[in-house]
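Student: Take a look at this one; I'll ask things after.
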Amino acid sequence: MRYVKHYGTWAYILHRLTGLALTGYILIHIYLISGVHDRVSFQEEMAIFNNPIFKLLEWSLFSIVIFHALNGIRIFIIDYFNGARYHKQLLTGVWILSIVLFGAMGLIMFT
Amino acid sequence: MIQVKVKVYRFNPEKGDKKPHYDEFTVEADPTEKVLDLLHKIKWEQDGTLAFRRSCAHGICGSCAMKINGQNRLACETNLKNLKDPTRVTIEPLQSLPVIKDLVVDMSDFFKKYEIVKPYLIAKTPPPSAERYQSVEDRQLIDESTKCILCGACSTSCPSNWKNPNFLGPAALLKAFRYSFDSRDEGAAERLDIVDQNDGVWRCHTIFNCVEACPKEINITWHISELKKRLVSRDY
């Protein structure tokens, strides 16, 4: 049986999904960095990532990090302040701030 | 008058139904009528075997909580004209509770959890000569939580509850707040010990489905957050 997904439900689903994505990312990151023991091998490895596709991937990683972090703050405000009374406005704030920071990071990375 | 196509969840395990199915009825109704009126028209005029609960029909008893167009509501409070498409209504029983027949669910588990949180005032001091006094401000604090009619719409809309049937659920936690924050109560410590367990308040992931579902517009998540705050700040 299906249940309607509300604004808050989407925040929960996205928080879980971005959390899982970040867990996956950190495992890959640790694996890749574990074989690097000196300056030369580090620079060789960095050269692989220095292309537009990986830059785009990094930018999308940033979007995941920023949404997860800001929504985490929203959850904290809900749990330990009076955020439950204005959780929808908080979520709108999370979206706006995420998009602004995502755009700003795009400018820094690609200009 | 409009023609409403009503899709109703049907399941009768007593008659040997292995799995549920949906029946579709066409009902003539005024847009100002409630979903409960549709169910009455179906039961009285088309199919007397349809089973659903209702009692007061005025949003007080909480018997007619069901899932209407994918969202928990009271059938008696759901005005057709307030639905996105008043000509198509899907009615299902409250999710995650065992279905006894059609829209009637077994609420035993819901009330068991309600009893677990000790939903009554616990007094340890002898009663004063008159009533146990409560100031207007102290009463105000629990005002919203006293409006709960125990319809079950919140707990059965909660994804944490669907996944983990042991989770006390929003309704029981709201009751825990209602009594623990009552200035006349002296049993908060034991009640807080109960909600501080694995399947207590910490299973609330602030999804807000309960708040959207509550027909009495109680912000249940806020009350659960007050319990969380009380738990992390209490002295040992």
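The values are calculated or read from the model by the stated rules, or taken from the named source; none is laboratory data. Predicted model only: the values in this text are computed from it and were never measured. In this analysis, Cβ positions are derived from the backbone assuming ideal geometry, glycine residues included, and neighbour counts consider all displayed protein chains. For the accessible areas, the whole protein counts, side chains as well, though only heavy atoms, and no ligand, DNA or RNA atoms are used. Shrake-Rupley method; radii C 1.70, N 1.55, O 1.52, S 1.80 Å.
Student: Which residues, counting only those in region B:22-53, are touching a Leu at 6+ places or on another chain (Cβ under 6 Å), surrounded by 15 or more Cβ atoms within 10 Å (Cβ to Cβ) and in a loop (DSSP other than H, G, I, E, B)?
Tutor: B:Glu33, B:Phe52, listed by residue number.
Student: Test B:Lys216 against the stated conditions and say whether it is modelled with pLDDT of 95 or more and in a helix (DSSP H, G or I).
Tutor: On the way: modelled with pLDDT of 95 or more: yes; in a helix (DSSP H, G or I): no.
So B:Lys216 does not fit the description; no.
Student: I would also like to ask the following. The conditions are (1) at pLDDT 95 or above; (2) open to solvent by 60 Å² or more (accessible area, probe 1.4 Å); (3) over 22 Å from A:Arg2 (Cα atoms), and B:Glu14 fails exactly one of them. Which is it?
Tutor: Result: B:Glu14 passes all but (1).
Student: While we're looking at this one, here's another question. What helices (runs of 4 or more DSSP H), lying completely within region B:142-195, carry at least 1 residues that are away from every other protein chain (no Cβ under 14 Å) and either under 30 Å from B:Ala57 (Cα atoms) or open to solvent by 30 Å² or more (accessible area, probe 1.4 Å) (or both)? Spell out how you get there, then give the answer.
Tutor: Numbers: elements: B:159-163, B:169-180, B:188-195.
Filter on region B:142-195 gives B:169-180, B:188-195.
Student: Any residue that is within 14 Å of another protein chain (Cβ to nearest Cβ) and either under 16 Å from the mean Cα position of the chain (by Cα) or not aromatic (Phe, Trp, Tyr) (or both) - is there at least one of those in region A:43-63?
Tutor: So the first thing to find is which residues in region A:43-63 are within 14 Å of another protein chain (Cβ to nearest Cβ), and the list is none.
For region A:43-63, residues within 14 Å of another protein chain (Cβ to nearest Cβ) and either under 16 Å from the mean Cα position of the chain (by Cα) or not aromatic (Phe, Trp, Tyr) (or both): absent.
Student: Pairs under 6 Å by beta carbon, first residue of a type in the set (S, T, N, Q) in region A:51-66, partner surrounded by 15 or more Cβ atoms within 10 Å (Cβ to Cβ), six or more apart or different chains?
Tutor: A:Ser63/A:Phe102
Student: Right, something else. If I ask for residues that are facing chain A (nearest Cβ under 7 Å), open to solvent by less than 30 Å² (accessible area, probe 1.4 Å) and more than 20 Å from A:Arg16 (Cα to Cα), which ones from region B:203-221 would you list?
Tutor: B:Asn219
Student: So if I check each of B:Lys41, B:Lys7, B:Lys15, which one is in contact (Cβ under 8 Å) with a residue 60 or more places away in the chain and touching a strand residue (DSSP E or B) at 6+ places or on another chain (Cβ under 9 Å)?
Tutor: Numbers: B:Lys41 fails: in contact (Cβ under 8 Å) with a residue 60 or more places away in the chain; B:Lys15 fails: in contact (Cβ under 8 Å) with a residue 60 or more places away in the chain.
Of B:Lys41, B:Lys7, B:Lys15, the one residue that is in contact (Cβ under 8 Å) with a residue 60 or more places away in the chain and touching a strand residue (DSSP E or B) at 6+ places or on another chain (Cβ under 9 Å) is B:Lys7.
Student: Continuing with the same structure: Could you grab me the full set of residues in region A:4-25 that are open to solvent by 80 Å² or more (accessible area, probe 1.4 Å) and assigned to a helix (DSSP H, G or I)? Write out each step before concluding.
Tutor: Taking region A:4-25 first, the residues open to solvent by 80 Å² or more (accessible area, probe 1.4 Å) are A:5, A:7, A:10, A:16-17, A:20, A:25.
If the condition is that a residue be open to solvent by 80 Å² or more (accessible area, probe 1.4 Å) and assigned to a helix (DSSP H, G or I), then A:Tyr7, A:Trp10, A:Arg16, A:Leu17, A:Leu20, A:Tyr25 are the ones that fit.
Student: On to the next question. Would you say A:Ser98 is surrounded by 11 or more Cβ atoms within 10 Å (Cβ to Cβ), under 21 Å from the mean Cα position of the chain (by Cα), away from chain B (no Cβ under 14 Å) and not β-branched (Val, Ile, Thr)?
Tutor: Working: surrounded by 11 or more Cβ atoms within 10 Å (Cβ to Cβ): yes; under 21 Å from the mean Cα position of the chain (by Cα): yes; away from chain B (no Cβ under 14 Å): yes; not β-branched (Val, Ile, Thr): yes.
Yes; evaluated as a whole, the condition is true for this residue.
Student: Oh, and also: Could you please give the count of residues in region B:64-123 that are of a type in the set (A, V, I, L, M, F, W, C), part of a loop (DSSP other than H, G, I, E, B) and buried (at least 18 other Cβ atoms within 10 Å of the Cβ)? It would help to see each step written out before you state the result.
Tutor: In the first step, residues of region B:64-123 are kept if they are of a type in the set (A, V, I, L, M, F, W, C); the result is B:64-66, B:68, B:74-76, B:80, B:83, B:89, B:91, B:94, B:97, B:99-100, B:103-105, B:107, B:110-111, B:116-117, B:121-123.
Narrowing the set further to residues that are part of a loop (DSSP other than H, G, I, E, B) leaves B:64, B:75-76, B:83, B:94, B:97, B:103, B:107, B:117, B:121-123.
After this cut, where a residue has to be buried (at least 18 other Cβ atoms within 10 Å of the Cβ) as well, the list is B:64, B:75-76, B:83, B:94, B:97, B:103, B:107, B:117.
Adding up the residues that qualify gives 9.
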